[in-house]
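Peer 1: Take a look at the following structure, please.
The values are calculated or read from the model by the stated rules, or taken from the named source; none is laboratory data. This structure is a prediction, so every number in the text was calculated from the model and none was measured. No Cβ is skipped: glycine too gets one built from the backbone with ideal geometry, and neighbour counts run over all protein chains shown. The protein model used for the area step is the full one, side chains on, heavy atoms only, and it has no ligands, DNA or RNA in it. Shrake-Rupley method; radii C 1.70, N 1.55, O 1.52, S 1.80 Å.
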Amino acid sequence: MTVSLLSGPLAYQADARPGQGGSMGSRGSRTWSAPPPTRTTPYGASPMDRSITPRTPGQSGYGTQTPYQQGFGAQAMRPRHPFLTGFAGGMLGAGLFGLLSGHGFFGGVHSFFGLIGLMLQVALVVWIVMWLVRRFSGNRGNTTGGNGFSLNQAATGGASPPGAPVANAQSNLPITSSDYQAFQQTLLDIQNAWNQQNIPAMQQMATPEMVSYFNQQLATLAAQGARNVVSDVHFIQGDLAEAWQEGGMDYATVAMRYSLIDLTTNAMGQVIEGSSTDPVTITELWTFTRPSRGGRWLLSGIQQTRG
């Protein structure tokens with residue numbers, strides 16, 4: 001049951017969970033660059049609303065997607081293989097020009113047998129192009145397994161071996177199964193610490209920047225005489241958007257979908273926003289960071305999704 005008991009001039013945040021439905025934090029030098037779309041977030045992420053990372057000239061947001069990109073998501077935005085584009089285009093161009101000019105690859109059409117030869121030439125060109133597409137698309141698929149790796153192991157029909165590296169087209173940093181488990185556990189632990197208003201616990205899970213945002217949000221709720229309660233958190237699915245190293249730090253941006261009970265109560269425990277029985281489903285991109293020499297992954301950014 002959804003309840004809303006709004007009285008007086010105060011307006012409460014409808015999404016009162018950690019981050020309160022905003023985009024905030026830092027992703028190193030990629031803070032103002034859009035993470036690649038993934039299966040979980042096919043339309044990408046919203047730009048950061050708040051960050052301590054300054055923008056450099058020309059960094060004014062992600063811009064807008066064309067309807068083509070919005071309709072096809074990651075597939076529409078996937079770059080073509082340069083060799084496939086050039087070679088296949090050359091083969092098709094040369095072959096079709098030869099066919100139209102009466103020469104083709106084997107001397108053109110001069111008789112009934114020439115017609116058969118023409119058909120064989122067309123079939124050969126089609127076969128070569130299809131083989132190239134399968135060859136190079138397949139190779140890209142083998143090197144971009146991160147986007148297909150689900151944090152929800154059951155959804156994939158099986159888990160990767162512990163410690164097995166998971167690659168990504170936008171990744172030069174291997175991410176292992178134990179890393180994914182750490183991301184998922186941090187998601188759950190931060191929700192729990194938020195529910196308990198446990199700032200010291202959050203300091204063990206998030207960067208000082210993110211902890212400051214959480215602290216401000218909790219303080220604002222307290223000033224309104226309200227408290228946000230999150231419970232029954234369930235991870236649904238997730239995948240890697242990108243992972244990289246810079247300045248002695250590792251970064252990983254992960255798309256995650258989860259559900260939870262998200263409600264806000266007043267000082268007497270009455271529900272003033274949200275539902276105590278109906279869970280909401282959330283899809284966000286969380287960025288984690290750690291020293292490249294090793295250590296615990298810390299949450300450094302939360303971004304909302306587009307679409």
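Peer 1: Among Gln237, Ser259, Phe183, whose Cα lies farthest out toward the positive end of the dipole of the range 167-307, if unit charges sit on the beta carbon of Lys, Arg (+1) and Asp, Glu (-1)?
Peer 2: Phe183
Peer 1: Around Glu273, with a cut-off of 12 angstrom between Cβ atoms, what is the net charge of the other residues, counting Lys and Arg +1 and Asp and Glu -1? Don't jump to the answer; show the numbers that get you there.
Peer 2: Working: positive: Arg17, Arg227; negative: Asp15, Asp262.
My count for the surroundings of Glu273 gives 0.
Peer 1: Sticking with this one: On the protein heavy atoms, probe 1.4 angstrom, tell me the percent of accessible surface of the range 179-260 carried by carbon and sulfur.
Peer 2: Of all accessible area on the range 179-260, carbon and sulfur atoms account for 46 percent.
Peer 1: Given contacts defined as C-alpha pairs under 8 Å and at least six residues apart, what's the relative contact order of the range 178-307, whole-number percent?
Peer 2: Relative CO of the range 178-307 lands at 22 percent.
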